[in-house]
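I have placed the structure first, in the form of structure tokens, so that the comments after it can refer back to it.
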2 protein chains.
Amino acid sequence: MSPSTVSRSFNHPELVKANTRKKIDAAVRRLGYIRNRAAQTIHGIRSGTIGLIVPTIDHAIFAELVQSFSDAVEELGFTILLASHGYSLDREYALTRKMLEHRVDGMALIGIEHSEDTYGLLAQQSMPSVLLWNYSDDAPLTCVGSDNFEAGRLIGAHVSGLGHRDIATLFPPLAGNDRAQLRFDGVKQALHAKGLGVREGWTFETPYSVAAAKKAIQALIATEERPTAVICGNDVLAWGVIHGLMKNQLSVPDDLTVTGIGDFKGSKEFEPGLTTVRIPARQIGAQGAKRIVDAIVADAPVAMGDLISPELVVRATSARPRSSV
Amino acid sequence: MSPSTVSRSFNHPELVKANTRKKIDAAVRRLGYIRNRAAQTIHGIRSGTIGLIVPTIDHAIFAELVQSFSDAVEELGFTILLASHGYSLDREYALTRKMLEHRVDGMALIGIEHSEDTYGLLAQQSMPSVLLWNYSDDAPLTCVGSDNFEAGRLIGAHVSGLGHRDIATLFPPLAGNDRAQLRFDGVKQALHAKGLGVREGWTFETPYSVAAAKKAIQALIATEERPTAVICGNDVLAWGVIHGLMKNQLSVPDDLTVTGIGDFKGSKEFEPGLTTVRIPARQIGAQGAKRIVDAIVADAPVAMGDLISPELVVRATSARPRSSV
DNA sequence: AATAGTTTTGCAAATGTTTTCATTTTGCCG
DNA sequence: CGGCAAAATGAAAACATTTGCAAAACTATT
């Protein structure tokens, strides 16, 4: 009947007599009582929330990641505080602060590049944190993700290995986006290894959308010289390119090879099936969730990260260039 | 220097001397102090969080909705507590409870169909709430969304108006999904109005994925008789159908008319452009956020809902059936 | 029936903040 | 420079809960 007993009945039921517990349960139901986690939280008890800040939820990639992360985290009894920063690392800092005010038990961010302030904040509050999506051995925090440089390298090697020499690239804006930057670097390295470079004027940067990519490729093919291959920074851009080419009666891969990175849902089923590099979003989300929750409940520093290897997936949008056949 | 002054300096800066405020700010920075919203919350002060529960984040539609809702809500100073129930209304109830324990200031749910318990809980806690995505005049709570029945009717009328008689439908599972159910009802009504029915054995239900739709349509066209049109419950299924047909060298719309519902990002740019019904997810998200925040800050019951009309978008995947040309 | 032990319950302090009220400080005017 | 109002600060109560400790209520043993 006293608050203490009610509290115990919720948190340590074995300490209260079955009979009292029953009475309490009845009263709780009758009054529609819902316990106040905010009041628990100020006792240093875990809030049961984990902050997740992504650049955007709008894109296929992150949606899949958020979903799997959220599933895994809920499974383990936590709830997600979600926010998106629209590729602004300053905004990311502000959002991180806000989540700390809410006393989240842990934080997950996308990528390894973050503002000094953000890193400082997390360290200073000794907040269990994990970086998702990209992996690097020397990241300042535990990370669970793929090697985006390697992903770029794989696709660059594949395309150049097919004999392409005139290669264009289409990437989302690289600033403040280490994932895209690393992929791009990987592509360049693979081409250099074959003595190739990306031609000046054939490296395009467009917003992350089918529409933008479609427009960009149509501008490109309207010019005199055409590349024989277009390496895209992700699958959405590749879809846009393919549709742009279809629109102009150009055939993939006969006229141009087009590749993506990511292997988003649907990329396999599309016709023609997209050649890409698989970055398993679901696995990253699930594994990342496990890591952070482990760190929280064990109250131990977050353990080593996980490298989830990217994997080349050759389907039907890449082929030898026509001239070289 | 006393807690009271610090508190005032944060919440009513005009009440503290500029000089003291400066000292406090310095100390705050030096110590890395972050104020504890949980402790504020127990004073009946708003928590600054809004609960959003969706069936899944994984699909294009909801991702877009979540993004726009989240953007609008952040703009207004709130943070989102996000969870997904995987189309289980019981799970939705449990998640709602959890969010109430976290003392969210408001709740947003998808669709109008929810468990008795969920509605009871929200009413009993007099929690400001809004239902997103679907609109109905006699919903138990304010809703901001489109008229999904009308969406179905529009596309049904369009397809039958083109002269199609042999029409198949491909929908996601209807149980516990009022949006899909209403669309389907709308399609049926439009066909009945023309004296048509959906043929027994030509109403398909598949999971919500390109892969599943592709598989389903390939099974269908392998049979003797083929429909001349396939009405899909959403754009993702339509994409799957189109790719399935392409795979089998069938042409859209020459061999079959294929339509979607939703007008997802990309549907316009895909080749051929998808005929569909636009349900403006961004607008719904933004408007829904506005409604709920208004209700929270005004401390008034959530006002009337908003009907955001669906709109037929005829592109290149629908045409008169060949036989009737 | 008294004792000892065990189980169950309640009391009180503590948590980090806000707010009301009272007290102190400041600034101004004569 | 004294007095007074206004401005700034602090002390204390309040919020909903948890927890250590003590009291109370049982149970079992003699």
Some residue of segment B:126-136 being within 13 Å of another protein chain (Cβ to nearest Cβ), assigned to a loop (DSSP other than H, G, I, E, B) and out of contact with any Phe, Trp or Tyr (no Cβ under 7 Å at 6 or more places or on another chain): yes
Wholly enclosed strands (runs of 3 or more DSSP E) of segment A:220-314 bearing at least 1 residues acidic (Asp, Glu): A:311-313
Residue in segment B:106-124 that is assigned to a loop (DSSP other than H, G, I, E, B) and either aromatic (Phe, Trp, Tyr) or within 12 Å of chain A (Cβ to nearest Cβ) (or both) present: no
Residue list for segment A:212-246, filter: basic (Lys, Arg) and either crowded, with 24+ Cβ neighbours inside 10 Å or within 11 Å of another protein chain (Cβ to nearest Cβ) (or both): A:Lys214, A:Lys215
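Matching residues to (1) modelled with pLDDT under 95; (2) in the same structural domain as A:Ile61 (by TED's automatic domain parsing):
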residue: A:Val252; (1), (2): no, no
residue: A:Ile261; (1), (2): no, no
residue: A:Lys268; (1), (2): no, no
residue: A:Gly273; (1), (2): no, no
residue: A:Ala286; (1), (2): no, yes
residue: A:Ile292; (1), (2): no, yes
residue: A:Ala295; (1), (2): yes, yes
residue: A:Ala298; (1), (2): yes, yes
residue: A:Arg320; (1), (2): no, no
Those residues of segment A:11-27 which are part of a helix (DSSP H, G or I) and surrounded by fewer than 16 Cβ atoms within 10 Å (Cβ to Cβ), in sequence order: A:Asn11, A:Pro13, A:Glu14, A:Leu15, A:Ala18, A:Asn19, A:Thr20, A:Lys22, A:Lys23, A:Asp25, A:Ala26, A:Ala27
Single unsatisfied condition, A:Gln249 versus (1) surrounded by 23 or more Cβ atoms within 10 Å (Cβ to Cβ); (2) at positive phi; (3) of a type outside the set (A, V, I, L, M): (1)
Filtered residues of segment B:59-69 (kept if at the interface with chain A (Cβ under 9 Å from one of its Cβ atoms) and either surrounded by fewer than 23 Cβ atoms within 10 Å (Cβ to Cβ) or touching a residue at least 12 places away in the same chain (Cβ under 8 Å) (or both)): B:His59, B:Ala60, B:Phe62, B:Glu64, B:Val66, B:Gln67, B:Ser68
Where B:Arg199 falls short, out of the listed (1) in contact with a strand residue (DSSP E or B) (Cβ under 8 Å, 6 or more places away or on another chain); (2) at pLDDT 95 or above: (2)
Filtered residue count, segment B:79-94, keeping only those that are more than 7 Å from every other protein chain (Cβ to nearest Cβ) and buried (at least 24 other Cβ atoms within 10 Å of the Cβ): 1
Segment A:20-55, subset touching a Leu at 6+ places or on another chain (Cβ under 6 Å) and more than 12 Å from DNA strand D (Cβ to nearest atom), residue farthest from the other protein chains (Cβ to nearest Cβ): A:Ile53
For B:Thr5: the one exception among (1) within 16 Å of DNA strand D (Cβ to nearest atom); (2) at pLDDT 95 or above; (3) not in a helix (DSSP H, G or I): (3)
Output for segment B:41-96, where each listed residue is among the small types (Gly, Ala, Ser) and in contact with a helix residue (DSSP H, G or I) (Cβ under 7 Å, 6 or more places away or on another chain): B:Ser47, B:Gly48, B:Gly51, B:Ala60, B:Ala63, B:Ser68, B:Ala72, B:Ala83, B:Ser84
Matching residues in segment B:256-294 - criterion: being crowded, with 24+ Cβ neighbours inside 10 Å, of a type in the set (Val, Ile, Thr) and either over 16 Å from the mean Cα position of the chain (by Cα) or closer than 23 Å to B:Pro321 by Cα (or both): B:Thr257, B:Val258, B:Thr259, B:Ile261, B:Thr275, B:Thr276, B:Val277
Residues within segment B:36-69 that are within 16 Å of DNA strand C (Cβ to nearest atom), among the aliphatic types (A, V, I, L, M) and either under 12 Å from B:Ala281 (Cα atoms) or not in a helix (DSSP H, G or I) (or both), tallied: 2
Selection count where residues are of a type in the set (A, V, I, L, M) and part of a strand (DSSP E or B), scope segment B:147-203: 3
Residue list for segment A:106-120, restricted to those being surrounded by fewer than 20 Cβ atoms within 10 Å (Cβ to Cβ) and in contact with a helix residue (DSSP H, G or I) (Cβ under 6 Å, 6 or more places away or on another chain): A:Glu113, A:Ser115, A:Asp117
Of all residues making up segment A:8-19, the number that are among the hydrophobic types (A, V, I, L, M, F, W, C) and more than 10 Å from DNA strand D (Cβ to nearest atom): 2
Close pairs from segment B:1-19: first away from chain A (no Cβ under 14 Å) and within 6 Å of DNA strand C (Cβ to nearest atom), partner of a type outside the set (Phe, Trp, Tyr) and part of a helix (DSSP H, G or I), Cβ under 6 Å, at least 6 apart: B:Arg8/B:Leu15
Test: A:Lys98 is in a helix (DSSP H, G or I), of a type in the set (Lys, Arg) and more than 16 Å from DNA strand D (Cβ to nearest atom): yes
Lone unmet requirement of (1) polar (S, T, N, Q); (2) buried (at least 22 other Cβ atoms within 10 Å of the Cβ); (3) farther than 21 Å from B:His114 by Cβ for B:Gln40: (2)
From the options B:Thr79, B:Thr41, residue that is outside the structural domain of B:Leu100 (by TED's automatic domain parsing) and either under 30 Å from the mean Cα position of the chain (by Cα) or at pLDDT 95 or above (or both): B:Thr41
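The values are calculated or read from the model by the stated rules, or taken from the named source; none is laboratory data. All figures in this text were calculated on a predicted structure; none of them were measured in a lab. All Cβ positions, even for glycine, are placed from backbone atoms using ideal geometry, and neighbour counts span all protein chains on display.
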